[in-house]
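Visitor: Mind having a look at this structure? Questions to follow.
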Amino acid sequence: MPENSRPMEEILRTIRDRKIEVVRFWLTDVLGRLKGFNISVGELERGLSEGIMFDGSSVEGFVRIEESDLVAFPDPTTFRVLPEGVGSVPTAILICDIKYPDGRPFESDPRGVLRRNLEKARAMGYEYYVGPELEFFYFPSESDPTPLDRGGYFDIMPLNQASAARKDAVLALMSMGFRVEASHHEVAHSQHEIDFRYSDALSMADLLQVAKVIIKEKARAHGLFASFMPKPVFGINGSGMHVHQSLFSGGENAFYSDSDPYNLSDVAKGFIAGLLAHAREITAVTNQWINSYKRLVVGYEAPVYICWGRKNRSALVRVPAFKKGRASSCRAEYRAPDPACNPYLAFSVMLAAGLAGIKNKYPLPEPVEEDIYRLPDEVKREYGIDALPDSLYSAIEVMEKSEVVREALGPELFAKYLANKREEWERYRIQVTDYEIREYLPNL
């Protein structure tokens, strides 16, 4: 049982001891947006044992109106008490799995999708661990993306609203039992990062959903707005969510090898090769918004080219250095995802791509340690370096043909996801932008 698990009796005792007045049941829609409802403490015991019925037709990507009934079943291992100041009264949360009224898992539940992919990994003898670096911006308000400082990477500045908000968010997350490794100012003005200690992928996806709420709430308490938009400000770096990942087997890191010059096992090489081979196919999930592709451009430290390296931060996949004797730290860092992705689905497709590389014994290309952004096109072609899709439309077109992604998401969610993204692209395509007005109206 995970260390944060709470049997029903312990949950009810904590509710009494902490004088909790409201319990929130949270779930995630297809696009990664957190949904939920409150129940009274008196209804909690029934909710824990039977779940709570809700209208699934009102949640994006779930069901049609004529088949609307779904049940939110809280996972007791996710029980947390929200820190003081988050909520008007003492409040606890539980994250839910979604089922049909007859008890069958709902196939389009993002959390259930990740569960299915983790079971596939277990069938191969592996547990999937991830450690994300969550980047975000602080702004004066949701309608004013003006940077609050001129700081840069690791800058130590006088305590201001943003650094105080980040400190409070970290303390709040730690008070809830989450393991924060580090936090700091990032490269861009007003950009910050919180890094989480690696954990199993399901727990980490839950944590990311909770962390976004806490970060936003603590920002609001300081009169600020926290944004996970991938590229909110033109001309400076966007926000990514680099995901460090590894497979463990029998309690040992299956990525590590003593004998390999890179300390990578055949399992690690296959996994990385799978990420590279299917990178274009999974990008519509790891980078799911129109705005995501304003970040994935040359010149702003975001990965564009599909290759791997060890010290090379222009590569899509990096194998970070680790101290001798720390085999558990051997990992692959996938640098494409952004913080606005649905973490359940993003972890699912990355895992599926890596497992495909292991199962099918994909060969791992040689690492590229040069600055890929500066390589001439003919050299990139010589190295066989392809590029990620450059728009959501391109990413959708590639994903549509991917059997790896179809199998990872399941045919129902795969179809719903593509339909939603096509609709988003169509809404964007017909807009008349400020750029067009500025460039064309005076001259045409």
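The values are calculated or read from the model by the stated rules, or taken from the named source; none is laboratory data. Since this is a predicted model, take the numbers as computed values, not measurements. We place every Cβ from the backbone using ideal geometry, glycine too, and count neighbours over all the protein chains shown.
Visitor: Take the residues in the range 406-421 that are over 18 Å from the mean Cα position of the chain (by Cα) and in contact (Cβ under 8 Å) with a residue 12 or more places away in the chain, then tell me which one is surrounded by the fewest Cβ atoms within 10 Å (Cβ to Cβ).
Guide: Glu412
Visitor: Condition first: of a type in the set (Lys, Arg), over 26 Å from Pro367 (Cα atoms) and not in a loop (DSSP other than H, G, I, E, B). Can you find one or more residues in the range 222-244 that meet it?
Guide: The first filter runs over the range 222-244 and keeps only residues of a type in the set (Lys, Arg), leaving 231.
When the remaining residues are screened for being over 26 Å from Pro367 (Cα atoms), the result is 231.
Checking the rest, the ones that are also not in a loop (DSSP other than H, G, I, E, B) come to none.
So far as the range 222-244 goes, no, none of its residues is of a type in the set (Lys, Arg), over 26 Å from Pro367 (Cα atoms) and not in a loop (DSSP other than H, G, I, E, B).
Visitor: So, Ala205, is that one assigned to a helix (DSSP H, G or I), within 22 Å of Met229 (Cβ to Cβ) and at pLDDT below 95 or not? Step through it out loud before you land on a result.
Guide: Details: assigned to a helix (DSSP H, G or I): yes; within 22 Å of Met229 (Cβ to Cβ): yes; at pLDDT below 95: no.
So Ala205 does not fit the description; no.
Visitor: Considering only residues that are among the aromatic types (Phe, Trp, Tyr) and either touching a Leu at 6+ places or on another chain (Cβ under 9 Å) or without any contact (Cβ under 8 Å) to a residue 24 or more places away in the chain (or both), which ones fall in the range 381-405?
Guide: Answer for the range 381-405, where residues must be among the aromatic types (Phe, Trp, Tyr) and either touching a Leu at 6+ places or on another chain (Cβ under 9 Å) or without any contact (Cβ under 8 Å) to a residue 24 or more places away in the chain (or both): just Tyr383.
Visitor: Looking at (1) part of a loop (DSSP other than H, G, I, E, B); (2) exposed (fewer than 15 other Cβ atoms within 10 Å of the Cβ), which one does Val368 not meet, given that it meets all the others?
Guide: (2)
Visitor: Out of all the residues in the range 330-363, which are in a loop (DSSP other than H, G, I, E, B), in contact with a strand residue (DSSP E or B) (Cβ under 6 Å, 6 or more places away or on another chain) and within 24 Å of Ala123 (Cβ to Cβ)?
Guide: Passing the criteria: Cys330, Arg331.
Visitor: Okay, moving on. Would it be correct to say that Glu217 is in contact (Cβ under 8 Å) with a residue 40 or more places away in the chain, surrounded by fewer than 21 Cβ atoms within 10 Å (Cβ to Cβ) and in a helix (DSSP H, G or I)?
Guide: yes
Visitor: Report, by residue number, each residue of the range 333-363 that is under 9 Å from Phe271 (Cα atoms) and among the hydrophobic types (A, V, I, L, M, F, W, C).
Guide: Residues satisfying the conditions are Leu351, Ala353, Leu355, Ala356, Ile358.
Visitor: Condition first: surrounded by fewer than 24 Cβ atoms within 10 Å (Cβ to Cβ), of a type outside the set (Lys, Arg) and not in a loop (DSSP other than H, G, I, E, B). Now tell me which residues in the range 114-133 satisfy that.
Guide: Leu118, Glu119, Ala121, Ala123, Glu127, Tyr129, Gly131, Glu133
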